[in-house]
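Working notes, structure below.
The values are calculated or read from the model by the stated rules, or taken from the named source; none is laboratory data. Everything quoted here is computed from the prediction, not taken from an experiment. With ideal geometry, Cβ positions are generated from the backbone for all residues, glycine too; neighbour counts draw on all protein chains shown. Areas reflect the complete protein model, heavy atoms only, side chains present, ligands, DNA and RNA absent. Shrake-Rupley method; radii C 1.70, N 1.55, O 1.52, S 1.80 Å.
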Amino acid sequence: GLKALGSLRLEKGYRDYGHDLDNLDTLHEAGLGFTAAFDKPGGFVGIEAARAQRGPGVLTRRLVQVLLTDPEPLLYHGEVVYRDGVVVGDVRAASYGHTLGGAVGLSMVQGGGADAGEPINSAWVNSGSWEVDVAGTRYPARASLRPLYDPKNERIKA
C-alpha cells in the first residue's frame, strides 16, 4: 500500500515536505504559490519575499516533474537531470508511474545549470531536451511544471 501511494502521488506531482521539499525551497519554487492567501488580513510570515517571487521571469529554481520515455529503467532518487546536455538538477523523489507508463520523479532544477540564473517558466521547460542519468546511461525524459497525470484535476473533480 505505501509504495502504491508513493507512486500515485508522484504521478500527480503531489509534494512531500521533508523529502521533495525542505526549508530552503520557497513557496513559488515548489509550485505551491496558489496555496498562499496573499489577501489575508495581517499577511503572513514571509509574505514580502513570496510577493517578490510572483512576477514572470523571477524564478531561477523550480520543482519539475520528470518522466522517462523508456518504460524499462527505474528511478529512485539522486539521478542527475540534464536539459539540453547541461546538468540542471537531480531527482529528489521517484517511483514507477504505472498510469504514466514509466519512471516518474520530482526534481528541483536550476535555470541554465548550476552557474546560470536563467528564469524558469513553461516555455523554458517545454523548449528543452531533457535526459536523466540512470546508472551511467542517459535516458530521454519529459519535464513539466504541471502534473503529467490529470493536470487540470478533472478526474479528481468528477
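Is it the case, given these coordinates, that ARG15 is in contact with a Leu (Cβ under 6 Å, 6 or more places away or on another chain), surrounded by 15 or more Cβ atoms within 10 Å (Cβ to Cβ), within 25 Å of ASN126 (Cβ to Cβ) and of a type in the set (Lys, Arg)?
Yes; evaluated as a whole, the condition is true for this residue.
How do the pairs read when you match residues in region 96-113 that are closer than 24 Å to ARG155 by Cβ with residues anywhere that are of a type in the set (S, T, N, Q), using Cβ under 7 Å and keeping only pairs 6 or more apart or on different chains?
Listed by first residue and then by second, the contacts come to TYR96/SER7; GLY97/SER7; HIS98/SER7; GLY102/THR69; VAL104/GLN65; VAL104/SER95; LEU106/GLN65.
Is it fair to say ARG155 is outside any loop (DSSP other than H, G, I, E, B) and open to solvent by 70 Å² or more (accessible area, probe 1.4 Å)?
yes
Taking interchain pairs and intrachain pairs at least six residues apart, which have beta carbon atoms under 6 angstrom, with the first residue in region 118-138 and over 21 Å from LEU59 (Cβ atoms) and the second surrounded by 15 or more Cβ atoms within 10 Å (Cβ to Cβ) and of a type in the set (Ser, Thr, Tyr)?
Final answer for the pair search is GLU131/TYR82; VAL132/TYR139.
Of all residues in region 48-103, which are touching a His at 6+ places or on another chain (Cβ under 8 Å), part of a loop (DSSP other than H, G, I, E, B) and surrounded by 18 or more Cβ atoms within 10 Å (Cβ to Cβ)?
Hit for region 48-103 is LEU59, nothing else.
Can you name every residue in region 7-40 that is β-branched (Val, Ile, Thr) and either part of a loop (DSSP other than H, G, I, E, B) or on the phi > 0 side of the Ramachandran plot (or both)?
Within region 7-40, just THR26 meets the criteria.
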